[in-house]
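Heads up, the thing below is written out as structure tokens.
The values are calculated or read from the model by the stated rules, or taken from the named source; none is laboratory data. For clarity, every value in this text was computed on a predicted model and none was experimentally measured. Every residue, glycine as well, gets a Cβ built from its backbone with ideal geometry; the counts of neighbours run over all protein chains shown. Surface accessibility is based on the protein's heavy atoms, side chains included, excluding ligands, DNA and RNA. Shrake-Rupley method; radii C 1.70, N 1.55, O 1.52, S 1.80 Å.
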Amino acid sequence: MASSDFWQRLSASVASSADWEAGIAGDSARGTRGTIKLWMALDVLTVLGAAAIATMYELHTGPVAGAKGFVRGTMFRGGSRWILIGLLCGFIVSLLVTSRRLRLYVPTRLTSFLHEQRLSLQACITSGLILTGALYLVRGYEVPRRVVIITLVLVTISLAVRRLLYRVLLYRRFDRGVGTRNVLIVGTGAEAHALRHHLESIRHLGYSFKGFIELPNCPSRFATPSTDIAGTFDDLFQTARKQFIDEIFFTTPCERGVIQSAAEEARTKGIDLRVIPDMYDGLAWNCPIEYVGQFPTIPLHCGEVPELGLLFKRLFDFVFSGLVLLIISPVLIAVAIAIKLDSPGPIFYLSDRIGKKGVVFRCCKFRTMVRDADERRADLLHMNERDGVLFKVTNDPRITRLGRFLRKYSLDELPQFINVLKGDMSVVGPRPPIGSEVKLYNVNHLRRLDVMPGITGLWQVQGRQDPSFASYISLDVYYIENWSLWLDFKIIMRTVGVVFEGTGI
């Protein structure tokens, strides 16, 4: 495939370290705005669908004279038609504005189910009252009241059911440990222990406690097991990086300059930071108070995750991988038979790989090497053609005759769609490393483990033949910082061309 302007700009951006050293937090605000836009778009579609259903119901079941008057006098007469469109648009705008002011677009995990449903009902009733008031002012007598009532009822029910289903899906992901947010608690006092108990006892919050951070000169009356101490305040952000921390909670008072410095560092590292109110006089003025369960917190920095976008990504992964496995099942069977006939050993090669936030999973591939390939790796280290952590030998003597063909056209990667179907991997993302590679990572390299690993990614389509480990990392970080569903689609399309070119080694 010919390189487009997009890929040229991408290469130039990746080549400059200034473009990716800012960290994942650089696009957190944009990701948040994208999530809000998606929720708003769904609300708009819900209103339009409800209005269409109410109109069709009125035309088919309403009084003949009333239906004719509605059609002739309102829907198809110039002035009245624009009034009707204006009323519908006004209702949509009022619903969106009201929902935004009631914070219905904040992360679902921060609110309870009943509280969210109450706010959703409040938004619908408020917007409905505005709509009926507008109908009275413009004297829209031709608009059947049944259409208005049915539209309002359908919108209210649809929004409630949609938010309920989304929350159920979210809770199921949390139960499997997917999508949870790792947290550190600064302090070891009573507030810290109470907060830990609170986070662990309420599942819809989606938090995973990773340890306490000890503060100097702040003794605690509560005995804290050494296994629960993750580190000290001096190495707070190094500990956060190693533990793949998403949020840090401050429960112990510190000097203003200390917490301000921590907030600036958290913003740089892309880590959310919250404090318990009444601790930092003046530092949190004009900051909203958000309840984490029943704990009031002040978010000094909050880079929200695009939850809806990630849900669509997971839905796409599930559907796409299922269709691919179904379509290529004859190819999988043929390759499996060929591997069995080509050389002794199992058909599949299963290896432990490191996934999102350091989770270990079994990665499935077609076997392309001899049976004792792992044992013979140490003998080939002097032939390594890649720098740093990566290991690659072009004429690797362990590769079988069929394996070389499978690697050339990336056919050995096809069973990884099973990992995608299970939720261990995504179609697009950084390649999953092995444990020995991760042990050689420095703290900054761990950033590529912040997202789900993928079958293909920017490195596969942009720098596959580049031996530089720095380029390998920079491409992965660029993808993390600039992720979107559209970028995933572009990578998938470009991967098709790379596979047919046979550039695999």
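Screening the candidates ILE202, ILE229 for the property of being open to solvent by 20 Å² or more (accessible area, probe 1.4 Å) and modelled with pLDDT of 85 or more yields one hit, ILE229. Of the listed requirements (1) at pLDDT 85 or above; (2) in contact with a Ser or Thr (Cβ under 7 Å, 6 or more places away or on another chain), PHE222 misses just one: (1). Does the stretch 131-142 contain at least one residue that is surrounded by 14 or more Cβ atoms within 10 Å (Cβ to Cβ), farther than 26 Å from ILE83 by Cα and touching a residue at least 24 places away in the same chain (Cβ under 8 Å)? No - not one qualifying residue is present in the stretch 131-142. Within the stretch 323-353, the set of residues being closer than 19 Å to VAL420 by Cα and in contact with a Phe, Trp or Tyr (Cβ under 8 Å, 6 or more places away or on another chain) comprises VAL324, LEU325, PHE348, TYR349, ASP352, ARG353. The single condition among (1) outside any helix (DSSP H, G or I); (2) open to solvent by less than 30 Å² (accessible area, probe 1.4 Å); (3) of a type in the set (Phe, Trp, Tyr) that TRP483 does not satisfy is (2). With respect to the conditions (1) open to solvent by less than 60 Å² (accessible area, probe 1.4 Å); (2) more than 29 Å from THR46 (Cα to Cα), HIS197 falls short on a single one, namely (1).
Starting from the stretch 475-501, take each residue that is acidic (Asp, Glu) and list its partners that are not in a helix (DSSP H, G or I), counting only C-beta distances under 8 angstrom and pairs at least six apart or across chains. Close Cβ pairs (under 8 Å, with a partner that is not in a helix (DSSP H, G or I)) amount to ASP476/PRO430; ASP476/GLY457; GLU481/TRP20; GLU481/ALA22; GLU481/GLY23; ASP488/VAL427; ASP488/VAL428.
Got at least one residue in the stretch 380-395 being open to solvent by less than 30 Å² (accessible area, probe 1.4 Å), part of a helix (DSSP H, G or I) and either touching a His at 6+ places or on another chain (Cβ under 9 Å) or modelled with pLDDT under 90 (or both)? Yes - at least one qualifying residue is present in the stretch 380-395.
Out of TYR441, TYR479, I need the residue that is within 25 Å of GLY177 (Cβ to Cβ), modelled with pLDDT of 85 or more and among the hydroxyl-bearing types (Ser, Thr, Tyr). Which one?
Matching residue, one of TYR441, TYR479: TYR479.
Within the option set ARG256, ARG181, ARG162, being among the basic types (Lys, Arg) and over 30 Å from LEU96 (Cα atoms) holds for one residue only, ARG256. Restricting attention to the stretch 313-347, the residues that are of a type in the set (A, V, I, L, M, F, W, C) and surrounded by 14 or more Cβ atoms within 10 Å (Cβ to Cβ) add up to 12. Among the residues of the stretch 150-181, those identified as of a type outside the set (Gly, Ala, Ser), open to solvent by 30 Å² or more (accessible area, probe 1.4 Å) and more than 22 Å from the chain's Cα centre (by Cα) are ILE150, LEU152, VAL153, LEU154, THR156, ILE157, VAL161. In the set (1) under 25 Å from the mean Cα position of the chain (by Cα); (2) free of Cβ contacts under 8 Å to residues at least 60 places away in the same chain, the condition left unmet by GLY128 is number (1). Has the stretch 350-361 got at least one residue that is part of a helix (DSSP H, G or I), of a type in the set (Gly, Ala, Ser) and at pLDDT 80 or above? Yes, the stretch 350-361 contains a residue that is part of a helix (DSSP H, G or I), of a type in the set (Gly, Ala, Ser) and at pLDDT 80 or above. Name every residue in the stretch 439-453 that is open to solvent by 30 Å² or more (accessible area, probe 1.4 Å) and closer than 14 Å to VAL360 by Cα, in order of residue number. Across the stretch 439-453, the qualifying residues are LYS439, ASP450, VAL451, MET452.
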